[in-house]
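The values are calculated or read from the model by the stated rules, or taken from the named source; none is laboratory data. This structure is a prediction, so every number in the text was calculated from the model and none was measured. Positions of Cβ are backbone-derived with ideal geometry, glycine not excepted, and every protein chain shown enters the neighbour counts. Note: accessible area is taken over every heavy atom of the protein model, side chains too, but ligands, DNA and RNA are not part of it. Shrake-Rupley method; radii C 1.70, N 1.55, O 1.52, S 1.80 Å.
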Amino acid sequence: LEVRNRIPCVYSLSACFCLLPFSSFCPSFYAASGPVTYLSHIDVAVLAGAAYVGAHHLLLKLKIDDPLDAAPIHLFVGALGVLLVGFFAHPMFVSDAYGVEGCATYFNGSIDEACRSTVGVFYGGNGTLLGVQVLGIVCIAAWCGATGFVLFIAIRAAKALRVKEEHEKMGLDEAKHGGYAFPDFHRGEGETEDALL
């Protein structure tokens with residue numbers, strides 16, 4: 001497949017680039033694995049794939065460098081998976097996964113009133129679980145943001161945040177490791193990045 005079309009499959013870099021959008025499903029599946037039905041995982045997967053693609057293009061548009069797509073996969077898709085539990089948590093699965101009383105009987109959309117705060121909005125929940133999931137996302141983001149801030153301030157103070165400009169231009173594979181990660185895409189002398197795309 002051609003690289004020029006900017007499709008996620010790169011012919012000589014291995015099949016992992018073809019599977020990259022599929023790897024975006026994993027964080028959302030982990031978050032939603034307990035209380036979500038097997039069929040609802042299809043909805044979660046479609047939404048996760050769309051979130052990954054959207055986040056990937058958003059970072060490109062904002063010129064934020066994330067060559068491994070860590071933020072689209074772990075931040076955006078992971079948060080989406082946590083959020084979707086608030087919509088898709090099924091009473092039977094909530095009962096099985098967490099032993100919540102009153103959720104084991106689910107018939108024709110009717111659930112026990114005591115169960116409404118522990119199931120997803122799409123299964124008769126009253127939105128309490130959705131609120132808890134949103135709060136969880138905020139707490140996780142606050143913790144990661146605070147610890148990341150402290151860590152990067154320390155790294156910056158140690159003057160270890162950036163590599164030398166000549167190493168950056170040469171590429172860290174060659175400058176630090178003495179080789180090329182992707183020999184088929186090695187830049188020749190004086191060749192720009194655009195020549196590879």
How many residues does the stretch 152-167 hold that are open to solvent by 100 Å² or more (accessible area, probe 1.4 Å), over 20 Å from residue 178 (Cα atoms) and under 26 Å from the mean Cα position of the chain (by Cα)?
1
Return a yes/no flag: does the stretch 14-34 have any residue that is touching a His at 6+ places or on another chain (Cβ under 7 Å), at pLDDT below 85, of a type in the set (Phe, Trp, Tyr) and within 26 Å of residue 135 (Cα to Cα).
yes
When the stretch 54-86 is examined, which residues are found to be loosely packed, with under 12 Cβ neighbours inside 10 Å and either aliphatic (A, V, I, L, M) or part of a loop (DSSP other than H, G, I, E, B) (or both)?
62, 63, 64, 65, 67, 68, 70
Since residue 8 meets every condition but one in (1) in a helix (DSSP H, G or I); (2) modelled with pLDDT under 85; (3) surrounded by fewer than 20 Cβ atoms within 10 Å (Cβ to Cβ), which condition does it not meet?
(1)
In this structure, is residue 147 closer than 19 Å to residue 82 by Cβ, open to solvent by less than 70 Å² (accessible area, probe 1.4 Å), part of a loop (DSSP other than H, G, I, E, B) and not small (Gly, Ala, Ser)?
no
Out of 101, 189, I need the residue that is in contact with a helix residue (DSSP H, G or I) (Cβ under 9 Å, 6 or more places away or on another chain), at pLDDT below 85 and either over 25 Å from residue 39 (Cα atoms) or assigned to a loop (DSSP other than H, G, I, E, B) (or both). Which one?
101
